[in-house]
Amino acid sequence: MGELAAQKLREAILSGRLEAGGRLVQEELCARIGVSRTCVREALQQLENEGLVERSPTQGHRVASISSDEARQIYEIRAALEPAMARRFVERAGDKQIAALADTARRIADAVSDGQMNRYVAGLHDFYHLLLEGAGNEVAWRFLGTLDARVTYLRRVTAEKAAPARRAETAALLQAIVEALRARDAEAAATRCRDFVLRSARFALAMLDDMAAENAPSPARRARAAR
């Protein structure tokens, strides 16, 4: 039951139904999910380990936010590993795996056309899981898996802020990655993966900086707090 509770809370956070910074009161979560406090505590601990929940001694659990610095580090890791995984995908993946990746890219494009945000974010998640699976590197799979929840969180936040034209461009860039993989062009696939991550990083970091500036206290408020 603890895993089921964690799954429901994870979905609520990643879908935006539970907003970043919002308090997570155990009694309310028990009623919301329909499980015991023991299950909720287990779920909160698991999500804390995933980086989706944070805890303070005085304020209890809250939905975690993500800082520009943390996001930058996540994108640095992705930019280092994903191009390498694209090269391995070219070497190791079969035709069925390439077809599955192409089908996912089409689903992403369809989600963009239909304005289906949940399908769009889920498609991005599936695309990169298929890429890592086809690369056949279990260590990289496990390592990036520890970042999976935070990466999905970033995708959700940035997707909601992105204009429709940017989401359409994203779908086109993913299709270009698929074409390089289908052609078995390892260098082109790696370059396109790296460029895609760097493009995502620029947008996400600018967005997070803007959000931080919007939420920063005004000079008057800081002056009152200092009195």
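The values are calculated or read from the model by the stated rules, or taken from the named source; none is laboratory data. Predicted, not measured: the structure shown is a model, and the values here were computed from it. Cβ atoms come from the backbone with ideal geometry, glycine included; neighbour counts cover every protein chain shown.
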### Task
For segment 43-62, name all the residues that are β-branched (Val, Ile, Thr) and surrounded by fewer than 21 Cβ atoms within 10 Å (Cβ to Cβ).
THR58
### Task
Report whether or not ALA122 is in the same structural domain as ALA186 (by TED's automatic domain parsing), at pLDDT below 95 and among the aliphatic types (A, V, I, L, M).
yes
## Note on the structure
Just one listed residue, out of ALA102, ALA140, is under 20 Å from the mean Cα position of the chain (by Cα) and either hydrophobic (A, V, I, L, M, F, W, C) or at pLDDT 95 or above (or both), and it is ALA140
### Query
Would you say ALA180 is modelled with pLDDT of 95 or more and either closer than 13 Å to CYS193 by Cα or of a type outside the set (A, V, I, L, M, F, W, C) (or both)?
yes
### Summary
When (1) more than 30 Å from ASP195 (Cβ to Cβ); (2) within 14 Å of the chain's Cα centre (by Cα) are applied to ARG78, the one that fails is (1)
### Message
Give me the residue from segment 50-65 that is touching a strand residue (DSSP E or B) at 6+ places or on another chain (Cβ under 9 Å) and without any contact (Cβ under 8 Å) to a residue 12 or more places away in the chain and, out of that set, nearest to ARG150 (Cα to Cα).
### Response
GLU54
#### Entry: Pick from segment 115-137, criterion out of contact with any Leu (no Cβ under 6 Å at 6 or more places or on another chain), among the aliphatic types (A, V, I, L, M) and under 16 Å from THR104 (Cα atoms), ranking: surrounded by the fewest Cβ atoms within 10 Å (Cβ to Cβ)
MET117
### Task
Kindly list the number of the only condition in (1) under 23 Å from the mean Cα position of the chain (by Cα); (2) hydroxyl-bearing (Ser, Thr, Tyr); (3) modelled with pLDDT under 85 that fails for SER68.
(3)
### Query
Which residue out of ASP126, ASP95 is free of Cβ contacts under 8 Å to residues at least 24 places away in the same chain and within 21 Å of the chain's Cα centre (by Cα)?
ASP126
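A quick yes/no check of all residues on (1) touching a residue at least 40 places away in the same chain (Cβ under 8 Å); (2) in the same structural domain as ARG155 (by TED's automatic domain parsing); (3) of a type in the set (Lys, Arg):
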{"position": "GLU169", "(1), (2), (3)": "no, yes, no"}
{"position": "LEU174", "(1), (2), (3)": "yes, yes, no"}
{"position": "GLU179", "(1), (2), (3)": "no, yes, no"}
{"position": "ALA186", "(1), (2), (3)": "yes, yes, no"}
{"position": "ALA190", "(1), (2), (3)": "yes, yes, no"}
{"position": "CYS193", "(1), (2), (3)": "yes, yes, no"}
{"position": "VAL197", "(1), (2), (3)": "yes, yes, no"}
{"position": "ARG202", "(1), (2), (3)": "no, yes, yes"}
{"position": "MET207", "(1), (2), (3)": "yes, yes, no"}
### Message
Quick test of your reading of the structure: GLN73 fulfils all but one of (1) assigned by TED's automatic domain parsing to the domain that holds THR158; (2) surrounded by fewer than 16 Cβ atoms within 10 Å (Cβ to Cβ); (3) touching a helix residue (DSSP H, G or I) at 6+ places or on another chain (Cβ under 7 Å). Name the failing condition by number.
### Response
(3)
